[in-house]
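Reading through the structure tokens given below for one structure.
The values are calculated or read from the model by the stated rules, or taken from the named source; none is laboratory data. Being a predicted model, the structure only gives us computed values, none of them experimental. Heavy atoms of the whole protein, side chains included, go into the accessibility calculation; ligands, DNA and RNA do not. Shrake-Rupley method; radii C 1.70, N 1.55, O 1.52, S 1.80 Å.
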Amino acid sequence: MSETNVTEIRQRRPARERLLEAATRLFYADGATATGVDTITAEAGVSKKSLYNNFSSKADLIRTYLDARHKEWLGLYRARLEHADDPRQGVLAVFDTYAHHAAFTHEHGFRGCGLLNAAAELPADHEGRALVRAHKEEVERLIAGHLEQLLPDRPGQARTTAEHLTFLLEGAMARAGLEGDGKRVHHARAMAAALLEGL
């Protein structure tokens, strides 16, 4: 398919979809605050008026981007969870979902967790930070839920282990982002698997 045909197909998609797709690429590559609306509209092939017809502000676009990333992550996690036969594999499905994100082909290289990167740029009272925090809390709750199934008579240990595994996962993702590849996330998964075997 020629480049012209790809552009024509892209242009037929709704403006909101194109804007969000462009914002997703640009926010991840260059940062949410560093990316201006002119750059987003040019990348999406729409007018600035179209952006403001679909989003009330750039802050609204950022919130929508963060929510879309969260939903995308949950979808990937649920798909992996379908193949988990026991609670240990359920925990590892969370790690595998992070590794899946790390394995994406990123135009300007892997930069770690797009949600945390965006949150780090936003002011402390920005609604987007609360969305990212809610996502990270949900990830920990998912891990805890699997561990509660694995350790039904030891709820305290399940919660503590979930916190430890979450720290391991988030720390690995941060290092992977700094190093530009997902090796740390795969290493963290192997460490988590070994820890789970001992429970």
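For Lys183, the lysines whose Cα falls under 27 Å of its own Cα, not counting residues fewer than eight places away in the same chain, are Lys71, Lys136.
Of the accessible area of the chain, with the probe set at 1.4 angstrom, what percent is carbon plus sulfur?
Heavy-atom surface of the chain belonging to carbon and sulfur, 1.4 Å probe: 52 percent.
Enter the per residue convex hull volume of the chain, computed from alpha-carbon coordinates, in Å³ rounded to the nearest integer. Before the final figure, lay out the partial values.
Working: hull volume 26.5 nm³, N = 199.
Looking at the chain, the number lands at 133 Å³ per residue.
Between His146, His135, His126, the Gaussian network model of the chain with springs among Cα atoms under 10 angstrom shows the greatest mean-square fluctuation at His126.
Can you give the convex hull volume per residue for the Cα atoms of the range 109-199, as a whole number of Å³?
Numbers: hull volume 8.1 nm³, N = 91.
Value for the range 109-199: 89 Å³ per residue.
Quick one: helix 58-81 against the long Cα principal axis of the chain, what's the angle to the nearest 10°, folded into 0 to 90? Orientation of helix 58-81: about 40 degrees from the principal axis.
Ordered by solvent-accessible area of protein heavy atoms (1.4 Å probe), largest first, the residues His164, His70 come out as His164, His70.
The length gained by stretching the chain between Asp30 and His108 to full extension, at 0.36 nm per residue less their Cα-Cα distance, is 27.2 nm.
May I ask you to give the solvent-accessible area per residue for the chain, in square angstrom, as obtained with a 1.4 angstrom probe? Here the residues of the chain average 53 Å² of exposed surface. Size descriptors for the range 18-69 (Cα atoms only): Rg and Dmax, in that order, 9.5, 25 Å.
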